[in-house]
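Heads up: the structure comes next, in structure tokens.
The values are calculated or read from the model by the stated rules, or taken from the named source; none is laboratory data. Owing to the predicted nature of the structure, the values given are computational and were not obtained by experimental measurement. Cβ sites come from the backbone with ideal geometry, for glycine too, and all protein chains shown count toward neighbours.
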Amino acid sequence: MRSNEIEILVNWGDTDKAGIVYYPNFFKWFDIAGHQFFRSCDLAPAKLEEERRIIVPLLDVQCTFEKSLLYDDLITIHTKVEEINRKTIKLKHIVYRDGIRVANGYELRGWVEQSVEGIKAVLIPEDVKAILSEDIHPKANENRPRFNA
């Protein structure tokens, strides 16, 4: 299955009074990593909405925190397609600092069509399943931007 990596520099505002990254930031970073994942395979959310009337809303998210992160840590988030179901895509995120895993989790996103009647979950087309199933694994340092989220 397809994967992607991004790098994020931990900002002062990402930390709590103890100087440790405040947990909601992991979910913000997962969202950024998820959107970058879709961009990396030419399925940018804005493009999907414009060309296919499709949005990919978040349905479920989970994170397990393993080690603390601090201000100025440079992290790498490895994102990989874990499951492609009829109407949902599950992205697995693993967060690393200096090659050591510090957190992991997932996002479950729906494949949802917008129309004048409203929104509804629809089947993921075969061409999209094929793109998401490709064995492509770009690394964070391969001409990818570093995020200062």
| query | What are the residue pairs meeting all of these: first residue in the stretch 99-120, first residue at negative phi, second residue of a type in the set (Phe, Trp, Tyr), Cβ atoms under 6 Å, and 6 or more apart or on different chains? | reply | Ala103/Phe26; Ala103/Phe65; Glu107/Phe30
| Enumeration of residues in the stretch 63-107 that are in a strand (DSSP E or B), farther than 15 Å from His35 by Cβ and among the aliphatic types (A, V, I, L, M) | Leu70, Leu74, Ile75, Ile84, Ile94, Val95, Ile100, Val102, Ala103
| query | Could you count how many residues in the stretch 14-43 are modelled with pLDDT of 95 or more and among the small types (Gly, Ala, Ser)? | reply | 2
| message | Here are the criteria: (1) of a type in the set (A, V, I, L, M, F, W, C); (2) within 26 Å of Leu123 (Cβ to Cβ); (3) out of contact with any Lys or Arg (no Cβ under 6 Å at 6 or more places or on another chain). Tell me which single one Leu70 does not satisfy. | response | (2)
| task | Please go through the stretch 1-46 and pick out each residue that is β-branched (Val, Ile, Thr), in contact (Cβ under 8 Å) with a residue 60 or more places away in the chain and either within 13 Å of Leu69 (Cα to Cα) or buried (at least 19 other Cβ atoms within 10 Å of the Cβ) (or both). | result | Ile6, Ile8, Val10
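Applying the selection to the stretch 47-67, what residues are within 23 Å of Ile100 (Cα to Cα) and surrounded by 14 or more Cβ atoms within 10 Å (Cβ to Cβ)? Break it down into steps so the answer makes sense when it comes.
Step one: of the stretch 47-67, the residues within 23 Å of Ile100 (Cα to Cα) are 61-67.
Within the stretch 47-67, Val61, Cys63, Phe65 meet the criteria.
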| query | If you scan the stretch 75-115, which residues turn out to be more than 24 Å from Arg52 (Cβ to Cβ) and among the small types (Gly, Ala, Ser)? | reply | Gly99, Ala103, Gly105
| message | If the requirement is being among the β-branched types (Val, Ile, Thr), closer than 16 Å to Pro45 by Cα and exposed (fewer than 15 other Cβ atoms within 10 Å of the Cβ), which of these qualifies: Ile119, Ile100, Ile124? | response | Ile119
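For the stretch 1-13, enumerate the residues that are among the aliphatic types (A, V, I, L, M) and part of a strand (DSSP E or B). Break it down into steps so the answer makes sense when it comes.
Of the residues in the stretch 1-13, the ones among the aliphatic types (A, V, I, L, M) are 1, 6, 8-10.
Ile6, Ile8, Leu9 - these are the residues of the stretch 1-13 that are among the aliphatic types (A, V, I, L, M) and part of a strand (DSSP E or B).
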| field | Selection from the stretch 82-97 of residues that are more than 18 Å from Lys47 (Cβ to Cβ) and in contact with a helix residue (DSSP H, G or I) (Cβ under 8 Å, 6 or more places away or on another chain) | value | Ile84, His93, Val95
| Output for the stretch 14-62, where each listed residue is in a strand (DSSP E or B), under 28 Å from Ile136 (Cβ atoms) and more than 15 Å from the chain's Cα centre (by Cα) | Ile54
